[in-house]
Each structure stands twice: as structure tokens, then as C-alpha cells.
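These notes are about the structure you will find just below.
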Amino acid sequence: APAKAKKTPSKGNNMELSSDGEVEEGSWEMEEDEDESSEEMVDDYGASSSEEEELLPIEKAALKQKPDSEDDSEEEEEEEEEEAAEEASRQKTGQKEEEGPDLQLNLDIDEQFKLPTNEQIEREDILICDIHKLSLATFNSLMVFLPAEPPDLHIIHQRIKGNMEVLQDFAVKREEGRTRKEYLALLRRDMAAYYSYSDFLLTKLMDIFPLPELINFLEANEVPRPVTIRTNTLKTRRRDLAQALINRGVNLDPLGKWSKTGLVIYDSSVPIGATPEYLAGHYMLQGASSLLPVMALAPQENERILDMCCAPGGKTSYIAQLMKNTGMILANDSNAERLRSVVGNLHRLGVTNAVVSNCDGRQFPKVRLCWLTRVLGGFDRVLLDAPCSGTGVISKDPAVKTNKDEKDILRCAHLQKELILSAIDSVNAASETGGYIVYCTCSIMVEENEWVVDYALKKRNVRLVATGLDFGKEGFTRFKERRFHPSLKSTRRFYPHTHNMDGFFIAKFKKFSNAIPQEQKEHAVEAATPSAVPDTVLEPQLKKKKLEGSKVDKEQKLPQPALKKRRSLQAQKRPLKA
């Protein structure tokens, strides 16, 4: 009660009311005068210094009622918005019920991937012709078949993504009446167009990689590998070399925990191949994958090492570095032009235990110039970096995408089989510290890697051993219809999309006997027989042998009648006895 009594006089003190409840005129005049005085005291921003004192009593009462009315109005507006939203949702649901089939069809078109028709595929096909072999009139006539615009790569890329999603859950997302073969054919065609690969090479890659990994591999080949260098510990330490290059404005980092000499170069303000440190032989520009075969070979001091295909000399100099310039290295290459770079690099890097030779690796164990094989009894270790198709270094040589076919792969595989047998024959199995062969290629084709290794296991007394590398993927023990030796798990494969280095394959053999298996000898004898040689080659050889044989027979038959004639003549000259 006292609180209410206090509130009522406070309201009445602000206004003068008559007995009828009306405001007196005098009070209004006074308030008008106060308004005029308040207008004079308004500042530049339109706000008075004492707003509450200058407000009219009715305005103050209205201000007190505004918060309640605003709350009520806000609640009413929220209720109206909710009702409007409910009505809109009801209308939408009604539309969906009426137009449900059409909307569902649109969603299916957007979400579900469908194969293009043959007409759409033909529109995107571009006729490729060799302009240099065609006359101008012939080329102009063929231009009629060319589309006005090339196919949109963005559309092809989206189609590849949609096709991949369908193939990953083919039973659920496939289009009715379509087979998996059709989806794979379209995917191969789209990837060949988007990434500029030949159909042959893309088919080979699809056999090697799962589809998601294949996309990563193709994308990685579009990006160059990081520049790496190898410290030459014959002349400096990695710490000192890194500091010297940093002072010259080179941004670098250690290559990885697996390498104690490698450095990766991110950017440089000076050319890496022309610094004073490079010219002084403190480092060698070398890919990260090229360090792995030498690490697998693990050469020891005072050993005899053969680098059968040594150009340009990066692996040879690394072997000399690990051997600390002791022992002997025979650096061989069949290309005399490439040996110039080998000699230059060995001199620049300070290698003094290497001998450079120019021989055919296939004839290496038999060549007369190889005195080391005949006199000392063979090598302790052999490194064979065999010539290959180069499918692991597509980022360096994009021409490999289109210029390789089945014949090139089989030709390389045949050469590699000959070289690996020669490398095994050049090793001395009785070596106290060695007897090892490391075979490596910069290819990812199974025909050049596991196929060749499996062939060597059958033809020579060797076995596969661990490479000593902690990373890398295992080699294939089965590929399509082929089955390889189970020990091929110890081989290692390296890919650009998983290890950020060039594609590489490494296998390490241990030779346990210098004798050639008996089966191999029998095959060699059979190969020398006429049945193993084509008839076209045998016919002239057989004719020559017949002619030579007839001549020999005549020479052998001629002395017998001559002797008879001589004896008869001698008998006639002798006088008859009485």
C-alpha cells in the first residue's frame, strides 16, 4: 500500500488536471514555452541534453506503454510468420503431390549419371588426320566432318566423376539395360580425351590401378616432381651445403628420413645447375627415385662393382660416395655419346675409383675386353638400371602418353631379359661380401618388371631378397591371367601419386651358385637345333652346308683313285722277273 501511494502522486505531479479531468489551458501554455526553450538548447545532432524533462506527460506515458506494445506486436508478427510459413509449406506439399512425378524425374536426371547416346559421342569425336601426308584438297574435304567446336573439357571431367560414382556402386546406380563394359569403355574414352593418353596406354594403366587410384596417378603426372639434389659427401657435408645454398637465396628442406644426403629445392633465386657449389662438385642434380637403387645395392668398401647402364653417372657417383673412393667401379654404357656426361660428372664430383667402358651389356660376360670378369672371377655386386619405356616419368616426358604401343613394351622387355641374365652371369656367387644384383626400371609396366624378374628366377640360380627400403608398395604376385613367384612380394614399386617421386621398380637378387641350371642348358641346345630356328633362316644355311659337305667329300675321295693310279703305273714300270 505505501508503494502504491508513492507511485500515484508522482504521476499527478507532472500534470494539472481540472475536476472534470481536462488539462488546464495555463498548463499547456507553460509547456509550449518550455518547448520553445528546449528547441533553443538542442545540439547540432538533434538531441537535447535533458530529453526526459522536456517530454510531455502524455509522451512519457506512451513511452512506458511502448515496450509492452512492441512485445505484443513482435509476438503477433512471429505468429503471423509461422502461419504464413505453414501455409507456404502446405502449398508446396500440395504442389509436390500434384507435380511429384515431374520433380522426381528432374532430381533423378541431376543425381543419376546416364551414358550419352551414340549421336552425342559422335559429335564430340574429332577427326585426326596427318596434314603433312594429305593434299590441300583432301584436307579441305575432310574438314566437313570436323565439329565447329572442340569438346568441352569441363563436361568431360564431370562425366568422368559421375561415371566413377556409378562404377563404385554399380549394382545400385547403374542404368538399366547397360553393362559394366559400356561404362568402362566410356570412362576410358573420356580419360583419354581429358588427359591426352593413347587408348593402349590407358588400357594398360586401368589393368594396373583401381579406378580411384588411377585418377590420382593421372593427376600426379600433370604436376612436375620436386627438384632434388644429392650431397657429395666426398667433398662436403649436407649441413654445410644446405647453409651455403640458403645464403644464396635457395629455399630447401631435407628430402626425408630415409635419405641422409638428399635435399629438396622449393624455389631459388639462382640457377641450381650453375652455382659455385655445383661447379665445385658439392652436389649432384638427381631425382629422389634414383637414390633408391643404390641404397638397395648397399655397396661396401673395397668391393668390385659393375654399373651396367651407368649414364649419366648419378648412380655411379653415389656408389663411389658410399665406397669412399675405395675398391673399383666399372661404369659401362652401350651409348658412347652418353658416356661424355658420365666422364664429366665423375671428374667434377671427385670420383677416382671408376673405370668407364663402352660395351654391349648383353655380351658383357663374354667380351674379351672385360679382363676383370675373366681374371678376377666376376664382380661382387651389379647394378642394372635397364632401358625401359619410361611410363614412370611421364611428368618429365609427356610424349610417352601417345608414342608407346605394344611392340615398344615387348621390345623393351626382351632387351631387359637379356640384360638381366648377363648381369647375373657377371656376378661371382662365391664373393665373401657380395653376390647381389639390383634390377630397376623407371617403368610401371608389369611386362618390364615382374615378368622380367620371374623370368630370371627360372633361368638362373638366384633368389629374391629384401631391398632394405622401408617404404614402397609390394610387387605383383599375380596379374590378370599370369601368376608369378611368391617371393616377388619383396620387390618394391614407387608411384608419383603416393610417394611424390617418379614411378620406379626395384628388385634385389642374391646369387647362390655360379652354375647355370640344367634346364637352361637343355634349352640352349634345343635353341641351336634346326627345329628352333625359322625355316626361312634355315633354308640358305642348309644349302651352304650341303655344298660345303659335297666339297669335303670330293676332297676326301680324290686321294684314293690317285693312289691306285700311281700304284698301277709304278707296277708297270718295274721290270718283270725271269
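The values are calculated or read from the model by the stated rules, or taken from the named source; none is laboratory data. Source: prediction; values computed, not measured. FYI the Cβ positions are ideal-geometry reconstructions off the backbone, even for glycines, and counts take in every protein chain you see. For accessibility, only protein heavy atoms count, side chains too; no ligands or nucleic acids. Shrake-Rupley method; radii C 1.70, N 1.55, O 1.52, S 1.80 Å.
Just a few scattered comments:
- Qualifying residue in the range 201-212 (condition: without any contact (Cβ under 8 Å) to a residue 12 or more places away in the chain, assigned to a helix (DSSP H, G or I) and among the aliphatic types (A, V, I, L, M)): no
- Scope the range 361-389; condition modelled with pLDDT of 90 or more, under 13 Å from Ile305 (Cα atoms) and not in a strand (DSSP E or B); matching residues: Asp380
- Candidates in the range 427-455 are the residues that are under 18 Å from Met308 (Cα atoms) and touching a helix residue (DSSP H, G or I) at 6+ places or on another chain (Cβ under 6 Å); of these, the one that is surrounded by the fewest Cβ atoms within 10 Å (Cβ to Cβ) is Val438.
- One residue alone among Leu306, Leu346 is under 23 Å from Asn449 (Cβ atoms) and either touching a strand residue (DSSP E or B) at 6+ places or on another chain (Cβ under 6 Å) or in a strand (DSSP E or B) (or both), and that residue is Leu306.
- Taking the range 465-524 as the range and being in contact with a His (Cβ under 8 Å, 6 or more places away or on another chain) and among the aromatic types (Phe, Trp, Tyr) as the test, only Phe471 passes.
- Lone unmet requirement of (1) modelled with pLDDT under 95; (2) under 22 Å from Phe494 (Cα atoms); (3) open to solvent by less than 20 Å² (accessible area, probe 1.4 Å) for Thr316: (1)
- Given (1) farther than 16 Å from Lys235 by Cα; (2) open to solvent by less than 30 Å² (accessible area, probe 1.4 Å); (3) part of a helix (DSSP H, G or I), number of the condition Gln321 does not satisfy: (1)
- If the condition is being part of a loop (DSSP other than H, G, I, E, B) and either open to solvent by less than 60 Å² (accessible area, probe 1.4 Å) or assigned by the TED database to the domain that holds Leu469 (or both), then the range 235-257 contributes Thr236, Gly249, Leu255, Gly256.
- Given (1) closer than 21 Å to Thr391 by Cα; (2) surrounded by fewer than 17 Cβ atoms within 10 Å (Cβ to Cβ), index of the condition Leu202 fails: (2)
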